[in-house]
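Okay, structure first, notes after.
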Amino acid sequence: MALKGIKPERESFWALTEYVDLNGPHRVKENILYNERDHILLASFWAWSKENRLFPNRDGSVSDVSDFVERAEKELIGILNQEEEKVQRGKDFLKKEEDLKHESFVTAKNSVGVVLRKSTEFVNHLYYDHRDLPQNYIVGFNSDMGKVTVSRAGDEGINCKEFVQSLWGEGAGGREGIAGSPREGGLTFDDALQAYKKLVEKLSQ
């Protein structure tokens, strides 16, 4: 939109967007220039994006994404014009995230920054405890899939892939910043609890 000369003017919104791009949405409230209205508008676009995905062709061929980009531009303009239904969509998205943060919380060890969560949904982006204090690691248990996911908030720290493989072998995997138990699942909440305890122990050394 900037290249085309149609980027809407809202300096605070773009500053918040840049901060999230560099630090992750889980750290949005730690921005010293944070304001709730821009967070709601950004969340409205997240909600739209969640339902409107764009993926490359599996065969590697070139895709014409003009229509998608134009729809995204139109959506963003409506959001920044603060159209009522788009603002409400952002509020609903953040409320759902807030509810999930509280519903999935099991326990946390604040001294080392680890939180344990349990849900049927993905929770490894909710780096806060029940008092809204920021945490550095999440051990998330998906009760539907019988899987455990371990993630860290920052670029530095324990290698999550190596950690999960130390627990469940080569079948576990992922990346340094987020990794999970073997794909076939079959784990229980007790497995997640033991992973949480071992991560706390490792960080306490």
In nm, spacing of pseudo-spin labels at Lys197 and Glu176 (7 Å Cα→C-beta vector): 3.0 nm
Leading residue at positive end of dipole, the range 165-205 (Cβ point charges), from Ala172, Tyr196, Pro182: Tyr196
The range 152-198 - charge dipole about Cα centre, Lys and Arg +1 at Cβ, Asp and Glu -1, debye rounded to 20: 60 debye
Alpha-carbon Debye profile of the chain, log10 I(q)/I(0) at 0.08, 0.11, 0.14, 0.15 Å⁻¹: -0.34, -0.63, -0.94, -1.03
Using a Förster distance of 30 Å, the FRET efficiency for Ser63-Phe122 (Cβ separation, nearest 0.05): 0.70
Sulfur and carbon atoms: percent of accessible area, the range 91-178 [1.4 Å]: 46 percent
Rounded tilt (10° steps) of 11-23 against the dominant C-alpha axis of the chain: 30 degrees
Calculated [θ] (222 nm, deg cm²/dmol) that DSSP helices of n ≥ 4 give over the chain, each run adding -39,500 (n - 2.57): -14500 deg cm²/dmol
Equivalent ellipsoid semi-axes, the range 120-198, via Cα gyration tensor eigenvalues times 5, rooted, Å: 19, 15, 10
Evaluated at q = 0.15, 0.19 Å⁻¹: base-10 log I(q)/I(0), Debye formula over Cα of the range 45-125: -0.77, -0.91
Cβ-derived FRET efficiency at R0 30 Å, Asn23 paired with Asn81, nearest 0.05: 0.65
Dipole magnitude (debye, nearest 20) for the chain, charges at Cβ of Lys, Arg, Asp, Glu: 440 debye
Tensor-based shape of the range 1-99 (alpha-carbon gyration tensor, a/c under 1.5 rounded, otherwise prolate or oblate): prolate
Solvent-accessible area per residue for the chain (1.4 angstrom probe, square angstrom): 60 Å²
Neighbourhood net charge (13 Å Cβ-Cβ; Lys/Arg +1, Asp/Glu -1) for Phe189: +1
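The values are calculated or read from the model by the stated rules, or taken from the named source; none is laboratory data. On a predicted model such as this, the values are computed, not experimentally measured, just so you know. Using ideal geometry, Cβ is built from the backbone for each residue, glycine included, and neighbour counts are taken over all protein chains shown. The accessibility values were calculated without ligands, DNA or RNA, using every heavy atom of the protein model including side chains. Shrake-Rupley method; radii C 1.70, N 1.55, O 1.52, S 1.80 Å.
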